[in-house]
Amino acid sequence: MTGDLLLLKSLVEKDLKVRYKRSVLGFLWFLLKPLFSMVVYTVVFTRIIRFGGAIEHFSLFLLTGLLPWNFFASSLSASTKTLLENHKLIRSIYFPRVALPISAVIANAVHMLMAMGVLEILLIVFGHNPGLSLLTLPVAVLLLAAMTSGFAMMISIGNVYYRDVAQFLEVILLAWFYASPVIYPLGADLIPARMEAIIKFNPVAGAMEIFHSIMYYGVWPELWAWISLVSWTAVILFTGLFIFKRMEPSVVKEL
């Protein structure tokens, strides 16, 4: 019995040491996360979400936004540890290390595409017939995956040096979710005009609007959404590749 307790204690200590190794804030994350969540929920439910049945088949509308968002968020979360978890492989042989964070994105993209297939069937059953705009869905998926890969490269590098990156990402994604048109549409007078103008500068805002337009509404997405998605994808993918290639030699030594 005593041996089991000592083993349990050892495992708990090891987990905590690994989780907060090189973490600047350390155990303060236990306090900061719920505080941050409290602030976000307060703002969301008192300033933004003031609608309920204004959108027909709201659950399906939610899914058309949640599927690409979950892909985006899950890919970023998975990419944080890709370099750390494969440090032995990285030290053993040479290969394009950038493939590690990208592989996490691709794996999540496969899951998203399968889920979207099921969602499209549900949309048709409930009368949301697809239009010709559905043909542009692969382009939207490819652009979102490319932009996500750029973010994933930067996050995987950052987490090697600062374990706070993984912790900080969780709270950032929470705020980012509500600051994106995932659960609410733009241009429907459901949120203040000034806030909507700010939200459009969000890197994933264009992508969310495109998926809503293509899948839920069955119409062609607005031009601003495509311009936003293409522009942000180019900037973030290039930045991610640049940072990863520049930092790769020192990261290998750090691992």
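Each value in this text was obtained by applying a stated rule to the coordinates, not by laboratory testing. Because the structure is a prediction, the values reported are computed rather than measured. Positions of Cβ are backbone-derived with ideal geometry, glycine not excepted, and every protein chain shown enters the neighbour counts.
Treating the beta-carbon of each Lys and Arg as +1 and of each Asp and Glu as -1, no other charges, what is the dipole magnitude of the range 58-254 about its Cα centre, to the nearest 20 debye?
On the way: 10 positive and 10 negative charges, 150 e Å.
So the dipole magnitude of the range 58-254 works out to roughly 720 debye.
Each Cα pair of the range 58-254 feeds into the Kirkwood radius, which the Stokes-Einstein equation turns, at 20 °C and 1.002 mPa s, into a diffusion coefficient of 122 µm²/s. When only alpha carbons are used to place a centre, the range 160-230 and the range 92-132 end up 18 Å from one another.
Sort the range 104-219 into rounded, prolate or oblate with this rule: let a ≥ b ≥ c be the square roots of the eigenvalues of the Cα gyration tensor; rounded if a/c is under 1.5, and if a/c is not under 1.5, prolate when a/b is larger than b/c, oblate otherwise. Don't skip to the end; give the middle numbers.
On the way: a/c = 2.38, a/b = 1.39, b/c = 1.71.
Oblate, since a/c reaches 1.5 and b/c is not below a/b.
Restricting attention to the range 192-255, which chymotrypsin sites (Phe, Trp or Tyr not before Pro) occupy a DSSP loop and are surrounded by at most 11 other Cβ atoms within 10 Å? Hits after loop and neighbour filter: PHE201.
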